[in-house]
Amino acid sequence: MLPFLVNRLAQGAVILALVSFVSFAITAAAPGNAMQTFIDPNVPPSQLRAAEERLGIDRPAHVQYLRWVREVASGNLGYSFRTGRPVAALVGSRIGPTFLLMGTAFAVTLLLALWLGTVTAARPYTALDYGVTGAAFAGISVPSFFTAMALIYVFSLRLGWFPTSGLEDYAAGLSGWPRLVDRARHLVLPVSVLVLTGAAELVRHVRSAVLDELRQDYVRTARSKGVGEGAVLRRHALRNGLLPVITLVGVSLPRLLAGSVVVETVFTWPGMGRLLVESVFARDYPVAMAINMLAAVLVLLGSLLADALYAAVDPRIRYS
Amino acid sequence: MRTRTLTRSLLITAAAAWLAVAGAQGQRACEAVGGTATIAQWSEPGNLNPLIFPTTYDENVQELVFARLIRPTETLSFEPDMAESWEVSDDARTLTFRLREGLTWHDGRPVTARDVAFTFTAMAHPEYPGGRFAEVSILEGAEAYNAGEADSVSGIRVIDDRTVSFTTVEPYAPFLPVIGGVFILPEHVYGAVDIASWQQDATNREPVGSGPFVFQQWRPGEFIELTAFDGYWEGRPCLDRLIVRFGDQNTMLAALLSGEVDAAPVPVDGASSVASHPDLELHVVDALSFQYIGTNLRNPMLADPAVRQAIALAVNRDAMVTGLLQGYGSKLDTIFPTNHWSYPQDVEPIPYDPEAARTLLDDAGWLQDGEYRSKDGRQLAFRLFVPTGNQVRERTAPVIQANLRQVGIRVDIEMMDFATLVTHLMPRDAQGTPRAVTVDDFDLFLLGFGVERDPNEYLSYLIPSDMPPNGFNFIGVDIPEVAELMLRGRVTLDQAEREAVYQQVGRLMRESLAWIPLYQAQELYGSNVRLSGFGPDVRGVNVNVANWSVR
């Protein structure tokens, strides 16, 4: 196990270095820089040029990259070009809200997918199965911004059940229990969009995995021993069918912190995805790079986690 | 010394006097006192230090926290703000401001003339990182101080605790607008921070000013919270708290419709839903900005006045106003906003006349050759660069394309974000050094422009010496009479004479059509009936914020 881990960590370091290089190159290739987004008749080009020099963005891309690497290696993520805020604090402040949104959505998605996937696998090719499958495809196909606007229209504007946007009711200044309830109400619509668009894929995976297991010999043996259908489904088929689902869970981890660009923008959720988009349009590369690197680290951790879980739940898998 | 109010009517002077009295007594006619209002804007401010590269979104919040010496009136003149009066010297080079008595900062310290001097001196500091030096470079000694050759700006003088004067190297008409555009900073807060690190410093995010509201907190990506300043010179605002939210335009519209925010800007598509909502009121405000088609005059086809004129005649601007703007706007016929004093009301209108456009092109030798026209084997074809971000403007691009096809001009639309468009308008060489514009950099582009405070802001866009890399004349306008008038406008102090100067520029630019003016959109805001007193006008959304109250 230890050599495996060392090996994976070494691989990870190489991959991170490559990712940083590629994402910096892409950022540098985008036309324009942070100061070129600021055109004001009262600020002549010479002043913009001076500001570029102060930020160091007048230098060739490779010089900027090496400087960025040096700074990051010494633990300094730098300052946002657009706002002057320290990048670590700016990105750090977005982790909480993103994790809350994506984590809640992920938990709901997982539970829903396990339930619907198992139910439909137990009764394949029935009206229920076709209904869930149809809904799943609709969920995958409809773009999330449309789902989001539709939910806002119906549940906020027409019915008035949930707020349209934000993390909480800023004007009310609530605290304690009412504040928790208020925050939960703000979570409902964005989480629903993520579940509606994200559960579809997982339902299909669970369904086919469980269906595969139900055709196995051991299931027939269990049934012939007189094990009830419910127990067959839950204790045998679902448990074994979970193996491929674990992989999906592992690769979903980065999404939990990287956030969702569309949902965060539509619901003005103060998360990572919205910050990434804003920094790309502002050519604010210290911020964009930090988010990219965070996402890369999470992808590596996620796949490592999935591998470890594999070994834990399936005795046939051993890393040596 | 002779006193000159620079305001044209007695009415304004009277209004200012009334304000001064009201302020001294701290009286304010509030419909209700207390409560919290929430307003929204479409983008988050970058920072709240008014001297660091301010954008409109920054200034909308800064003007709640800070105050200026003087501020614009609805008729685009100036009235006293922190200053109770000002005087112009006989040689027209020195402006002396007298501060109101008893002004304080939000932290309770008194405001003095030294704070004013500190603010304007900072803009000229050799290590000042905020980009606004050019506004004060006309001050005597500013260049020397900026170059590190002097310890202070000799043209900025503190006479006593409440009196400060500014001396320019020559009579400079736009200097009053400059003063009217600078928020005054407290020296004891901002002076304690090394100016070179202003951009990164916490004062950037936690401003201290002397305006109507005190900064409380800023949660990035969410909101900024402000509370009423008891010591505001014009009297404490009616509201207790004001919350500024920022988010996507459609979401903020939804939040307005659902009652979560009390006031928000409204995109044209949302106007009818706001107007028909029982709890909402739609405010339609004339703005000082407009949209135009820019032409690269280095392109021989576009250098031909007949081609530019044909484009202007062929574009159906009425359809843009009635269709895309749903009537919330108007067309305009030259480069100044129609509601600004620089706009010549007698300017020759640009009609929609595709037939005349065809005749012009025929006469110029551009003959129909299949779907499009050509001359000497060259097709009459242009790229049209369209910056994203303004939905109405994006939708005008296909209208322009279809209109021009009808007269035989081919247009290929290229959409790009604003930063990318700038790399075409202000190009750089392979080493990243800014260079001159060539014929290949662009053909046609769409862009907006507006007067912030004074038409002198057009100078860099219209004089030949300011073509990139030196300035913003990307189009390549080189009309000696226009350049001469623009330079004269800077040193002409008489308002009537200035109006004549800029209006003549307007007529000449109508003739030239180097900028093909399209339309001037009105700004739309919605407010909940819960919020009273909300009354945006040409100066912006927060003009009378101290009088807002909630039920």
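Just a few scattered comments:
Residue by residue, here is whether (1) within 18 Å of residue B:309 (Cα to Cα); (2) within 14 Å of another protein chain (Cβ to nearest Cβ); (3) touching a His at 6+ places or on another chain (Cβ under 8 Å); (4) not β-branched (Val, Ile, Thr) holds:
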residue: B:373; (1), (2), (3), (4): yes, no, no, yes
residue: B:381; (1), (2), (3), (4): yes, no, no, yes
residue: B:412; (1), (2), (3), (4): no, no, no, yes
residue: B:429; (1), (2), (3), (4): no, yes, no, yes
residue: B:434; (1), (2), (3), (4): no, yes, no, yes
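- Condition check for residue B:529: more than 29 Å from residue B:91 (Cβ to Cβ) and either hydrophobic (A, V, I, L, M, F, W, C) or open to solvent by 10 Å² or more (accessible area, probe 1.4 Å) (or both): yes
- Segments classed as strands (runs of 3 or more DSSP E), wholly inside segment B:247-335, with at least 1 members that are touching a residue at least 24 places away in the same chain (Cβ under 8 Å) and over 22 Å from residue B:395 (Cβ atoms): B:263-265, B:280-285
- Any hit, segment A:224-238, residues being within 30 Å of residue A:183 (Cβ to Cβ) and among the hydrophobic types (A, V, I, L, M, F, W, C): no
- The condition (being facing chain B (nearest Cβ under 8 Å) and open to solvent by 30 Å² or more (accessible area, probe 1.4 Å)) is satisfied by just one residue among A:60, A:45: A:60.
- Matching option when the condition is open to solvent by less than 60 Å² (accessible area, probe 1.4 Å) and under 29 Å from residue A:268 (Cβ atoms), among A:152, A:140: A:152
- Residue list for segment A:165-205, filter: of a type in the set (Ser, Thr, Tyr) and either farther than 23 Å from residue A:148 by Cα or assigned to a helix (DSSP H, G or I) (or both): A:175, A:192, A:197
- Only one of the listed residues (A:299, A:266) is surrounded by 18 or more Cβ atoms within 10 Å (Cβ to Cβ), away from chain B (no Cβ under 14 Å), closer than 30 Å to residue A:186 by Cβ and at pLDDT 80 or above. That residue is A:299.
- Of all residues in segment B:257-278 being more than 12 Å from every other protein chain (Cβ to nearest Cβ) and open to solvent by 40 Å² or more (accessible area, probe 1.4 Å), the one that is nearest to residue A:41 (Cα to Cα): B:269
- Odd one out for residue B:478, checked against (1) open to solvent by 60 Å² or more (accessible area, probe 1.4 Å); (2) more than 14 Å from every other protein chain (Cβ to nearest Cβ); (3) within 30 Å of residue B:539 (Cα to Cα): (3)
- Condition check for residue A:239 on (1) among the basic types (Lys, Arg); (2) within 12 Å of chain B (Cβ to nearest Cβ); (3) more than 14 Å from residue A:98 (Cα to Cα): one failure, at (2).
- Selection within segment B:55-72 - open to solvent by 10 Å² or more (accessible area, probe 1.4 Å) and either within 14 Å of chain A (Cβ to nearest Cβ) or polar (S, T, N, Q) (or both): B:55, B:56, B:57, B:59, B:60
- Looking across B:460, B:465, one residue alone is among the small types (Gly, Ala, Ser), assigned to a helix (DSSP H, G or I) and open to solvent by 50 Å² or more (accessible area, probe 1.4 Å). It is B:465.
- Inspection of segment A:81-93 finds a residue satisfying the criterion of being facing chain B (nearest Cβ under 10 Å) and charged (D, E, K, R).
- Residue B:209 vs. criteria touching a Lys or Arg at 6+ places or on another chain (Cβ under 9 Å), open to solvent by less than 20 Å² (accessible area, probe 1.4 Å) and assigned to a loop (DSSP other than H, G, I, E, B): no
- Residue count for segment B:131-145, restricted to those that are part of a loop (DSSP other than H, G, I, E, B), within 23 Å of residue A:39 (Cβ to Cβ) and open to solvent by less than 30 Å² (accessible area, probe 1.4 Å): 3.
- Criterion (more than 30 Å from residue A:140 (Cα to Cα) and either under 28 Å from the mean Cα position of the chain (by Cα) or open to solvent by 40 Å² or more (accessible area, probe 1.4 Å) (or both)) met by exactly one of A:105, A:51, A:34: A:34
- Of A:59, A:94, A:54, A:70, all but one fail to be assigned to a loop (DSSP other than H, G, I, E, B) and among the charged types (D, E, K, R); the exception is A:59.
- Residue within segment B:244-256 that is farther than 30 Å from residue A:80 by Cα, at the interface with chain A (Cβ under 7 Å from one of its Cβ atoms) and surrounded by 18 or more Cβ atoms within 10 Å (Cβ to Cβ) present: yes
- Looking only at segment A:149-188, residues that are aliphatic (A, V, I, L, M), closer than 22 Å to residue A:99 by Cβ and at the interface with chain B (Cβ under 9 Å from one of its Cβ atoms) come to 1 in all.
- Checked across segment B:153-163, the condition of being more than 13 Å from chain A (Cβ to nearest Cβ) and free of Cβ contacts under 8 Å to residues at least 24 places away in the same chain holds for at least one residue.
- If you check B:161, B:151, B:194 for being over 20 Å from residue B:78 (Cα atoms), touching a helix residue (DSSP H, G or I) at 6+ places or on another chain (Cβ under 7 Å), open to solvent by 30 Å² or more (accessible area, probe 1.4 Å) and not aromatic (Phe, Trp, Tyr), only one passes: B:161.
- No other residue among A:262, A:251 is closer than 24 Å to residue A:136 by Cβ, among the β-branched types (Val, Ile, Thr) and free of Cβ contacts under 8 Å to residues at least 60 places away in the same chain apart from A:251.
- Selection within segment B:101-130 - open to solvent by less than 30 Å² (accessible area, probe 1.4 Å), among the hydrophobic types (A, V, I, L, M, F, W, C) and either under 25 Å from residue A:53 (Cβ atoms) or assigned to a helix (DSSP H, G or I) (or both): B:113, B:116, B:117, B:120, B:122, B:123, B:124
- Selection count where residues are more than 19 Å from the chain's Cα centre (by Cα) and part of a helix (DSSP H, G or I), scope segment A:114-145: 21
The values are calculated or read from the model by the stated rules, or taken from the named source; none is laboratory data. Please read these numbers as outputs of a predicted model, since none were measured by experiment. Because the Cβ atoms are built from the backbone with ideal geometry, glycine has one as well, and the counts that use them run over all protein chains shown. We work out accessible area using only protein heavy atoms, side chains counted, and drop any ligands, DNA or RNA first. Shrake-Rupley method; radii C 1.70, N 1.55, O 1.52, S 1.80 Å.
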